[in-house]
Amino acid sequence: MNDARATLEARLGTRQFIALISMLMALTALAIDMMLPAFGAMREGFALTADSNALAPVVTVFLIGLGVGQPVWGPLSDALGRKRILWIGIAIYVVGALGSAFAPSLAVLLLWRLLGGSGAGAIRVVTHGVVRDAYAGEAMAKILSYIMAVFILVPVIAPSVGALLLSVASWRWVFGFFVVFAIVIGAWATRLPETLPLERRQPLRARTLGAAAQAVLTSRFAMGLVVAQMLVFAFFASYLASSELIIRDVFGLQAWFPVIFGGSALVLGAGMLLNPRLIDRLGLRRWLRLVLSGYLVAVVLFAVAMLATGGEPPFWLFMASLLPVLLAHSFVIPNLNAAAMMPMGSIAGTAAAVVGSIVTLGGAALGAIIDRLYNGTVLPFALAGVSMCALGYASYRWADAVWGDAAERELMPLDEPGEAVALLASDVS
């Protein structure tokens, strides 16, 4: 057990640590999921047509801010420590939510959402950096699964909370809720110890930062897994941005959207809880290979069902086809992330930033393209899912070919940035 893990467990205990990191990560999910039921009221408020998909960028620009901010916050957290950057991120998140609440137009709202996403990027970098400071390899994959199982409670209840708030107040109060929640979780985070001691911090110099980023970008193992994450996240990002419109237009079940979305999130949570046991039984590498294959099969079957019904299936068929995809997604994401971070212990903050920005920015951009293909049916979404998952599986297999060497290097001390670059770059072949 390393010093960071021992300190965390002594200060918080494993359960409280999991709960706290989950709620910090949930700030991002809350900023997306809770506002989905508000899209109808927001369309009215901004004088948009009832079938307009112009609000999809409200999700997309937040994800762009999340991705753009991480390359800044990651190196800063490696140089200045995790907690300083966490406080800055929470403050920016709160300011972005306040600005969104008072935005006079959709364009202004999008700017404030971009800022809020940047603050969320700092929070994401810190949470992943803290987890990597304390855990590695399969232990990290298991702790991430438990964290995300708790975190997934937010998508389960957030749409219902948003709908309840909308029944008594304007959609602008949804952003007010974000402010209150962030302040409460920030107060709880005062119990989080600093997990990056002074002797392990990286100097804030362009050369050092470049070397750390190069360590990630030149690693076939890491980048293959990161690209795979990005592609499957693109499919999921499109699901988040378009689900409200699909449920309303294709199935006419807008009033039931919070229940439908929350029920789907429960499937994700169940998968997250099951994932650590399957890692114990099969090992991270074998389980990841199996579940990515299953993900691709599930997406293909989903697309076949949508094709057979012209993109307008009965609701029961849509859900029966989609839920296996979501279950597979719950297995894939924490495992791909943990595997990609395996060799990155000495540069956890910068590595989390590079990984997070590629996954978030690339996934959001591709997800936005999928959103624009929406034609009133589920068909474009389903066919895009096949493309994203097939390419993601190919990228994973490219990384898996050098897994053995990368796993061995995880055991080596990577105390110097130059050493990290030399070791990681050697798997580009």
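The values are calculated or read from the model by the stated rules, or taken from the named source; none is laboratory data. A quick note: this is a predicted structure, and the numbers were derived from the prediction, not measured. Quick reminder, even Gly has a Cβ in these numbers, built from the backbone with ideal geometry, and neighbours come from all protein chains shown. These accessible areas exclude ligands, DNA and RNA; they are computed on the full protein's heavy atoms, side chains included. Shrake-Rupley method; radii C 1.70, N 1.55, O 1.52, S 1.80 Å.
Using helices alone, I'd like the mean residue ellipticity at 222 nm for the chain: each DSSP H run of four-plus residues gives -39500 (n - 2.57), total over residue count, nearest 500.
Values: 19 runs with 335 residues, N = 429.
That comes out to -26500 deg cm²/dmol.
With respect to the chain, whose longest principal axis is taken over its alpha-carbon atoms, helix 206-217 is tilted by about 70°. Measuring nothing but how far apart in sequence close Cα pairs (under 8 Å, 6+ apart) lie, relative to its length, the chain scores a relative contact order of 27 percent. For the chain, modelled as a GNM whose springs connect Cα atoms under 10 angstrom apart, the maximal fluctuation among Asn275, Asn335, Asn375 occurs at Asn375. Taking the 0 to 90 degree range and rounding to the nearest ten, how far is the long axis of helix 137-151 tilted relative to the main principal axis of the chain, both from C-alpha atoms? Roughly 30 degrees, rounded to the nearest 10. Accessible surface for the range 163-251, divided over its residues, is 41 Å² per residue with a 1.4 Å probe.
May I ask you to give the percent of accessible area on the chain that is carbon plus sulfur, with a probe radius of 1.4 Å? Walk me through the numbers on the way to the answer.
Numbers: 10850 of 16020 Å².
Carbon and sulfur atoms account for 68 percent of the accessible area of the chain.
Highest GNM mean-square fluctuation among Ala187, Ala384, Ala265, for the chain modelled with Cα contacts below 10 Å: Ala187. Between the listed residues Val267, Leu30, Leu383, the Cα displaced farthest toward the positive end of the dipole of the chain, a dipole computed from Cβ unit charges relative to the Cα centre, is found at Leu30.
Each Lys and Arg Cβ is given +1 and each Asp and Glu Cβ -1; about its Cα centre, the chain then shows a dipole of about 420 debye.
Taking Cα atoms only, the orientation of helix 363-372 departs from the longest principal axis of the chain by about 20 degrees.
Extension gain Val72-Ser52, at 0.36 nm per residue separation less the Cα-Cα distance, in nm? Walk me through the intermediate numbers first.
On the way: separation 20, 0.36 × 20 = 7.20 nm, distance 3.44 nm.
That works out to 3.8 nm of additional length.
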